[in-house]
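Heads up: the structure comes next, in structure tokens.
The values are calculated or read from the model by the stated rules, or taken from the named source; none is laboratory data. No experiment lies behind these values; they were computed from the predicted model shown. Counting neighbours? That spans all protein chains shown, and the Cβs are built from the backbone with ideal geometry, glycine included. Ligands, DNA and RNA are excluded from the accessible area calculation, which covers all protein heavy atoms including side chains. Shrake-Rupley method; radii C 1.70, N 1.55, O 1.52, S 1.80 Å.
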Amino acid sequence: MTTTHAPAPSAATAPSRLRRVAALARGELRLFLRNRTAVANSGLLPLLLVAAVPALGLDGDLPLGPQLLVAAVGVTLVFVTYYNLVITYVARREEMVLQRMRTGELTGLEVLVGTAVPTLLVTLAQVALVAVGVVVLGEWSAPVEYLLPVVALLGGALLMTVLAAASTSFTRTAESAQVTTLPLVVVTSALSGLITPLSVFPEPVALVARLMPVTPVVELLQLGLAGVTWDGDRVDAAGAWAAAPLPLAVLAGWLLIGTVAATRGFRWAPRR
């Protein structure tokens, strides 16, 4: 008597998922490149905003090079990653593209990730372009700690993605995203340390500002790139890590909040 064994799980499952996500990402990238307005906004607006940082002569605790890099990351995360993804997710939902894709092999997570890839690539390209500009201008200086800026960039990109997915729950159309994204764009930009150092605010206001979504990203960037704390103190690598637990905890907390909100509130079908 022979025994029939169930087939082992295919080892190609993970590569298959990657291929599906890559295929969707390529399609989304082609759609993105065909939209000249989106390309122009994504490419020029962040650079203009970053260029305005030294042009406005704002007081800050950072040298010009780190200041430009911090502004590049903060601006692109808010105005490119978050804003563009809200519009993209809502537009795909209202066109019933998301609903159709979920009827095939793609899982919900694969749909969201594949749709987000082009925007995330634009974000990274913007930051890389500003970094090259800093080097060309002769303003580059070795970071005090290399890992913290990487954590800030990757964690911030992930956070903006989940917050974009969560924001679609109260965004009915792509056009209305200009209104629904405004609170996060304005409040987090004003209270993140991008425009005005948190050290100039009264301590209670600064404490509240440090709990905003973008602020921990800015704090970690400042600590890693220049060894500057939120209140302007200069620290070495050890001091940067000693000051990092709070912004890391705030970033992790917002990632949890955003993931829960996106999981519960994201709609795959058009809102009626």
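Quick notes on this structure:
- Taking the criterion of being closer than 16 Å to Ala190 by Cβ, part of a helix (DSSP H, G or I) and open to solvent by 20 Å² or more (accessible area, probe 1.4 Å), the residues of segment 207-239 that qualify are Leu207, Val208.
- Candidates are the residues of segment 168-182 that are aliphatic (A, V, I, L, M) and within 19 Å of Pro118 (Cβ to Cβ); the one that is surrounded by the fewest Cβ atoms within 10 Å (Cβ to Cβ) is Ala174.
- Here Val132 passes the criteria (1) more than 28 Å from Ala244 (Cα to Cα); (2) open to solvent by 70 Å² or more (accessible area, probe 1.4 Å); (3) part of a helix (DSSP H, G or I) except the one numbered (1).
- Residue in segment 58-74 that is part of a loop (DSSP other than H, G, I, E, B) and modelled with pLDDT of 85 or more present: no
- Total residues in segment 81-110, condition in a helix (DSSP H, G or I), under 20 Å from Phe170 (Cα atoms), in contact (Cβ under 8 Å) with a residue 40 or more places away in the chain and not charged (D, E, K, R): 14
- Flag if Val185 is open to solvent by 10 Å² or more (accessible area, probe 1.4 Å), assigned to a helix (DSSP H, G or I) and without any contact (Cβ under 8 Å) to a residue 12 or more places away in the chain: no
- Within segment 245-260, not a single residue is open to solvent by less than 30 Å² (accessible area, probe 1.4 Å), among the aromatic types (Phe, Trp, Tyr), touching a helix residue (DSSP H, G or I) at 6+ places or on another chain (Cβ under 8 Å) and within 30 Å of Thr115 (Cβ to Cβ).
- Annotation for segment 217-229: no member residue is modelled with pLDDT under 90 and closer than 20 Å to Thr123 by Cβ.
- Remark: pairs (first residue in segment 244-267, more than 26 Å from Gly224 (Cα to Cα); second residue at pLDDT below 95 and surrounded by fewer than 13 Cβ atoms within 10 Å (Cβ to Cβ); Cβ separation under 8 Å; 6+ apart in sequence or on different chains) = Gly265/Phe170.
- Within segment 142-167, restricting attention to residues that are part of a loop (DSSP other than H, G, I, E, B) and touching a Leu at 6+ places or on another chain (Cβ under 8 Å), the residue that is most open to solvent (accessible area, probe 1.4 Å) is Val144.
- Hey, Val122 touching a residue at least 24 places away in the same chain (Cβ under 8 Å), surrounded by 15 or more Cβ atoms within 10 Å (Cβ to Cβ) and in contact with a strand residue (DSSP E or B) (Cβ under 9 Å, 6 or more places away or on another chain) or not: no
- The set of residues from segment 104-146 being over 17 Å from Leu68 (Cα atoms) and of a type in the set (Gly, Ala, Ser) comprises Gly104, Gly108, Gly114, Ala116.
- Screening Arg172 with (1) in a helix (DSSP H, G or I); (2) in contact with a Ser or Thr (Cβ under 9 Å, 6 or more places away or on another chain); (3) closer than 22 Å to Val260 by Cα; (4) modelled with pLDDT of 90 or more gives one miss only, at (1).
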